[in-house]
1. Of the residues 280, 238, 246, 257, which is assigned to a helix (DSSP H, G or I) and touching a helix residue (DSSP H, G or I) at 6+ places or on another chain (Cβ under 7 Å)?
2. Only one residue in 271, 280, 303 is closer than 26 Å to residue 164 by Cα and surrounded by 21 or more Cβ atoms within 10 Å (Cβ to Cβ), so which one is that?
3. When you go through 297, 286, 258 one by one, which is the residue that is surrounded by 14 or more Cβ atoms within 10 Å (Cβ to Cβ), touching a residue at least 12 places away in the same chain (Cβ under 8 Å) and over 29 Å from the mean Cα position of the chain (by Cα)?
4. Out of 294, 282, 326, 359, report the one residue that is under 30 Å from residue 79 (Cα atoms) and modelled with pLDDT of 90 or more.
5. Taking only the stretch 141-164 into account, find how many residues are in contact (Cβ under 8 Å) with a residue 12 or more places away in the chain and over 29 Å from the mean Cα position of the chain (by Cα).
6. Inside the stretch 48-69, can you point out the residues that are under 18 Å from the mean Cα position of the chain (by Cα) and buried (at least 19 other Cβ atoms within 10 Å of the Cβ)?
7. List the number of the failed condition for residue 210; all other conditions in (1) assigned to a helix (DSSP H, G or I); (2) touching a residue at least 24 places away in the same chain (Cβ under 8 Å) hold.
8. If you take the residues of the stretch 75-84 that are part of a helix (DSSP H, G or I) and either touching a helix residue (DSSP H, G or I) at 6+ places or on another chain (Cβ under 7 Å) or at pLDDT below 95 (or both), which of them is farthest from residue 227 (Cα to Cα)?
């Protein structure tokens, strides 16, 4: 238990803003609306000290519990846990269709703009004609073009909240928004940042690490608010059922107010992942060279050879050693010799056509 608390407190500012502050908001709602007698919020003049103690203790406990449970809480919102199989598959098909529609709308608008500017290639004329004759895309095309560049940027933003690989698409918006940067390192360099996350986190410069922590803090804030509202709603329903509510009308009115707020916090959490995605992207781009040096490897000059190296290194950590991983010797630096930018010739490059299935836990960085 002590180790758990020390681990949670190690986050410092991230714990305070990401989990404690939203817990305070929910504790205040709970204390004023659901249990004003227990919290003594109904008689602040005479019981200010007891109300303050209730607030501090409840906030600390709720914040620490949510922070300790953040991994399973995220998994539910990402669609990895707690979803019936049929519902998860249905939502995944929905998001695949939405991703493809966004991709086609973005491409159609880009081609229409090229046509208007007189720069449309002859080979693309038939593609644009197919978009205009499509029964679904044609309904969007004219309106998308008319709304201008800002709208086009928003469409691109929505599209980029999906992973590039269709097989990585998850049942929820938050899951897809997080999965897109979980797959970034593997897609570009075959560096599986999910497998090598702790090594990468230890090797990157401090500003990159701090940027990632700050970016995740915003998502944590909205996730904590959402789950806190859910707990307050459950307590309010129990309070009404057992008939112990001091102000039944206020408790009953709170429930429908919290529902749309939960949806709002979820949407804001999805939007907040944009900053998180940029921070993780920077960690991969800036940290892969320090990581290679820390692992005693030399990054080749050619991209394909670097991808082969990172695939081997990721596989070594993920699955353990097997005979095929002896090819990693090609990239190793002799003990005591500084890592250099060379171009080793891999003896057995292993580059799969696609990324392995996502980790079963779907744990975000």
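1. The unique qualifying residue is 280.
2. On the way: 271 fails: surrounded by 21 or more Cβ atoms within 10 Å (Cβ to Cβ); 303 fails: surrounded by 21 or more Cβ atoms within 10 Å (Cβ to Cβ).
Going through 271, 280, 303 in turn, just one is closer than 26 Å to residue 164 by Cα and surrounded by 21 or more Cβ atoms within 10 Å (Cβ to Cβ): 280.
3. On the way: 286 fails: over 29 Å from the mean Cα position of the chain (by Cα); 258 fails: over 29 Å from the mean Cα position of the chain (by Cα).
It is 297.
4. Values: 294 fails: under 30 Å from residue 79 (Cα atoms); 326 fails: under 30 Å from residue 79 (Cα atoms); 359 fails: modelled with pLDDT of 90 or more.
Result of the check over 294, 282, 326, 359: 282.
5. Step one: filter the stretch 141-164 for residues in contact (Cβ under 8 Å) with a residue 12 or more places away in the chain, giving 141, 144-145, 152, 155-164.
Of the ones still in play, those that are also over 29 Å from the mean Cα position of the chain (by Cα) are 141, 145.
Within the stretch 141-164, residues that are in contact (Cβ under 8 Å) with a residue 12 or more places away in the chain and over 29 Å from the mean Cα position of the chain (by Cα) number 2.
6. Of everything in the stretch 48-69, those that are under 18 Å from the mean Cα position of the chain (by Cα) and buried (at least 19 other Cβ atoms within 10 Å of the Cβ) turn out to be 66, 67.
7. Among (1) assigned to a helix (DSSP H, G or I); (2) touching a residue at least 24 places away in the same chain (Cβ under 8 Å), the lone unmet condition for residue 210 is (2).
8. If we filter the stretch 75-84 for residues that are part of a helix (DSSP H, G or I), which is where we start, we get 75-78.
Filter once more, keeping what is either touching a helix residue (DSSP H, G or I) at 6+ places or on another chain (Cβ under 7 Å) or at pLDDT below 95 (or both): 77-78.
Working: 77: 10, 78: 14 Å.
Checked the stretch 75-84; the qualifying residue farthest from residue 227 (Cα to Cα) is 78.
The values are calculated or read from the model by the stated rules, or taken from the named source; none is laboratory data. Because the structure is predicted, anything quoted here is derived from the model rather than measured. Please note: Cβ atoms are built from the backbone with ideal geometry, for glycine as well, and neighbour counts cover all protein chains shown.
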